[in-house]
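Notes to accompany the following structure.
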Amino acid sequence: MKKVVRVAAGQGFWGDDLDAPRRQVEGGPIDYLMLDYLAEVTMSILQKQKERDSSLGYARDFVGAMESVLPAVAERGVKVVANAGGVNPRACAAAVKVMAGERGHRLKIGVVTGDDLLGRLDELIAAGHALANMDTGAPLSTVGGEVLSANAYIGSEPIVEALEKDASVVITGRSTDTALTMAPLRYEFGWGGSQWDQLAAGIIAGHIIECGAQCSGGNCLYDWRSIPDLANVGYPLVEGSPDGSFVVTKHPKSGGRVSVQTVTEQLVYEMGDPHSYITPDVVADFTTIRLTSAGDDRVLVSGIKGRPPTDKLKVSVAYRAGFKAVGTLVYAWPDALEKAQLADRVLHERLDRLGLSFDHIVSEYVGATATHGRLAGDQRNAPEVQLRFGVRGSDRAAVERFTREIAPLVLNGPPSVTGFAGGRPKVEEIVAYWPALIDKSVVKTKVDLIQ
């Protein structure tokens, strides 16, 4: 058993820094590279791509990331764990295999499937699994055929299984973000299914680095002016120990900062109930975490307690929920806010005159009150204000007609329009989020090896 296992984060979302994976494998010694690509909306985007082309449906940036770290994987033994598979993990693995083969390398790739429930929804609902919305209690049947994607959040066990089969790259669909880090630690240290404290520590390690540089100086509120060299921000890594304690750090000579403050900010990100951070593997108690400075850019995390998980898995469902369009106009001083407010009233009156109705209309005055509302105080002397006006509804034709009402205001509305940002608004389909729970017993994962 290793005394220390180093897991480095190289992506915090699909669209993150393309060079971060390479910098993580070249900046210092690591054992595993964790790449997190998925968010709730990402799954629906990938599903729509797969509908258009059955060979797609995964985060294609991952193939380039793998190309950039291929020497480290093939020659130094660094292993990669990623949820880049999206709704098509097998296609993702096939693309990586082709890329590696063209460069003279053969990889053993573990593919984890079973999280995708889209093709089973009718069967599951008929069997009594209502997949009720966790916020409203409504059954999933109320949105019927509008569902685009439905994926259960799976835990670390299938990733561990792939590592046990000697996979050098593990590609999953909708695993939890935290499992991507926890699984390597669980595998290397042999943590059993009831070692709740260690498993909880692995989950918290994953939570701290799942958003990439957000815990090493990026998007940091505390003393943000003093964060050094953000242009070369170092992405984080954890140095895990068998007892569940770990150090959060980053590679030497990289920018950013790892401190008790930066780690604390990431800990409270999407935390929910601090006593019960629920995952498929374990329930972690964030109130037991102890953070200690262990030197420059080093934070020791210890004392973590966990308890058995629930018998449910969370399911992320995306469904079609109508259409939207958003237009903007910028008004200049003097009286910028008053001009934007008049334009807002004119737009409402013209939409009423046309007989257009929408489920929701939103007006924002960016530069005056959009962020802080009434707390912004008197903004009548704002030097410039952007009117952002949006509509949403089920009638695409009505939304399309709205898009033609923004541009005329340049000449037939209030004066001093200085910016018609983005041209005529575009009609976009709304993809809404439906969180649900399902019995663990009906979600069966599978691990295949591609060589």
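The values are calculated or read from the model by the stated rules, or taken from the named source; none is laboratory data. Please read these numbers as outputs of a predicted model, since none were measured by experiment. Positions of Cβ are backbone-derived with ideal geometry, glycine not excepted, and every protein chain shown enters the neighbour counts.
Worth pointing out:
- Within region 199-212, the presence of a residue that is in contact with a Lys or Arg (Cβ under 9 Å, 6 or more places away or on another chain), surrounded by fewer than 18 Cβ atoms within 10 Å (Cβ to Cβ) and either closer than 26 Å to residue 112 by Cβ or modelled with pLDDT under 95 (or both) is excluded.
- Flag if residue 156 is surrounded by 21 or more Cβ atoms within 10 Å (Cβ to Cβ), out of contact with any Gly (no Cβ under 7 Å at 6 or more places or on another chain) and among the hydroxyl-bearing types (Ser, Thr, Tyr): yes
- The number of residues in region 369-405 being at pLDDT 95 or above and either touching a strand residue (DSSP E or B) at 6+ places or on another chain (Cβ under 6 Å) or charged (D, E, K, R) (or both) comes to 20.
- Strands (runs of 3 or more DSSP E) (entirely within region 278-337) containing at least 2 residues that are of a type in the set (Gly, Ala, Ser) and touching a helix residue (DSSP H, G or I) at 6+ places or on another chain (Cβ under 7 Å): 312-332
- Those residues of region 257-290 which are more than 16 Å from residue 202 (Cβ to Cβ), over 21 Å from the mean Cα position of the chain (by Cα) and surrounded by 14 or more Cβ atoms within 10 Å (Cβ to Cβ), in sequence order: 257, 258, 259, 260, 261
- The single residue among 32, 37 that is without any contact (Cβ under 8 Å) to a residue 60 or more places away in the chain, of a type in the set (Phe, Trp, Tyr) and under 24 Å from residue 449 (Cα atoms) turns out to be 37.
- When 227, 304 are checked against the criterion of being touching an Asp or Glu at 6+ places or on another chain (Cβ under 7 Å), surrounded by 14 or more Cβ atoms within 10 Å (Cβ to Cβ), assigned by TED's automatic domain parsing to the domain that holds residue 40 and aliphatic (A, V, I, L, M), 304 stands alone in meeting it.
- Filter pass, residue 346 being buried (at least 17 other Cβ atoms within 10 Å of the Cβ), at pLDDT 95 or above and of a type outside the set (D, E, K, R): no
- Flag if residue 216 is surrounded by fewer than 20 Cβ atoms within 10 Å (Cβ to Cβ) and either within 24 Å of residue 286 (Cα to Cα) or outside the structural domain of residue 17 (by TED's automatic domain parsing) (or both): no
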